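The values are calculated or read from the model by the stated rules, or taken from the named source; none is laboratory data. On a predicted model such as this, the values are computed, not experimentally measured, just so you know. In this analysis, Cβ positions are derived from the backbone assuming ideal geometry, glycine residues included, and neighbour counts consider all displayed protein chains. For the accessible areas, the whole protein counts, side chains as well, though only heavy atoms, and no ligand, DNA or RNA atoms are used. Shrake-Rupley method; radii C 1.70, N 1.55, O 1.52, S 1.80 Å.
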Amino acid sequence: MSEARRIVESGYDSSAERYLEWSARIQDDPRARFLTELTGRLPGGARVLDLGCGAGVPCTAALAERHDVVGVDLSATQLELARRNVPGARFEQGDMAAVSFPDGSFDAVTAFYSVLHVPREEQGALFARIAGWLRPGGWFLAALGCSEANGVEADWLGTPMFFSSHAPAVNRRLLEAAGFTLELDEPVTIQEPEGPARFHWVLARR
């Protein structure tokens, strides 16, 4: 496992409860709006893969109300919370850039603020693998990074954390190269407890 991944895993293991409390104080978070855009395009009982599911709330839980959901996360502590919070979903510990699923396994893949923990030089290959896991016509919903961040933040919620991202124009190019067609493409500014933060929301079809 790379040093970046060790930092992400240990960071979320140590900050899982703090992260839940912190994230509940975020304002103007459009997750519910984009999730509705996705679920309105899915049949009941669709198979959905949630990459970087964290503690399972709010998104994995909302998806599991109507769909067959598998959540993947690097942090064992986060997954303990997820299994408690979303007993109707299945969870696997793993690195989203290394896990493997058969081609055409899912109707949708989601990644809420999680791809930005994958080194940016690996994100294009990750998008291509996600495209392979989707059935033809399947959907990928993600909140991607919006900046040129690439490195470790020494004190994020009391722990080091690795972030890596591209500007939206590069995200678009990588997604299209992976075989996706962008249906929704919107940079959104949210208000984190420390101040504003901007993310690139995409809903893309294979």
Determine whether segment 46-54 contains at least one residue that is open to solvent by 70 Å² or more (accessible area, probe 1.4 Å) and more than 16 Å from the chain's Cα centre (by Cα). no
Please find, within segment 78-94, the residue that is nearest to residue 120 (Cα to Cα) out of those that are under 17 Å from the mean Cα position of the chain (by Cα) and open to solvent by 30 Å² or more (accessible area, probe 1.4 Å). 93
Does residue 75 qualify as being under 26 Å from residue 161 (Cβ atoms), small (Gly, Ala, Ser) and touching a Ser or Thr at 6+ places or on another chain (Cβ under 9 Å)? yes
I need the full set of residues from segment 155-169 which are in a loop (DSSP other than H, G, I, E, B) and either free of Cβ contacts under 8 Å to residues at least 60 places away in the same chain or open to solvent by less than 30 Å² (accessible area, probe 1.4 Å) (or both), in order please. 165, 166, 167
Would you mention how many residues in segment 170-184 are open to solvent by 70 Å² or more (accessible area, probe 1.4 Å) and in a strand (DSSP E or B)? 2
Where residue 12 falls short, out of the listed (1) closer than 22 Å to residue 107 by Cα; (2) touching a Gly at 6+ places or on another chain (Cβ under 9 Å): (1)
Could you please find all residues in segment 8-50 being small (Gly, Ala, Ser), over 21 Å from residue 142 (Cβ atoms) and either touching a helix residue (DSSP H, G or I) at 6+ places or on another chain (Cβ under 6 Å) or touching a residue at least 60 places away in the same chain (Cβ under 8 Å) (or both)? 10, 14, 15, 16
How many residues of segment 20-32 are more than 24 Å from residue 101 (Cβ to Cβ), surrounded by 12 or more Cβ atoms within 10 Å (Cβ to Cβ) and under 16 Å from the mean Cα position of the chain (by Cα)? The answer is 4
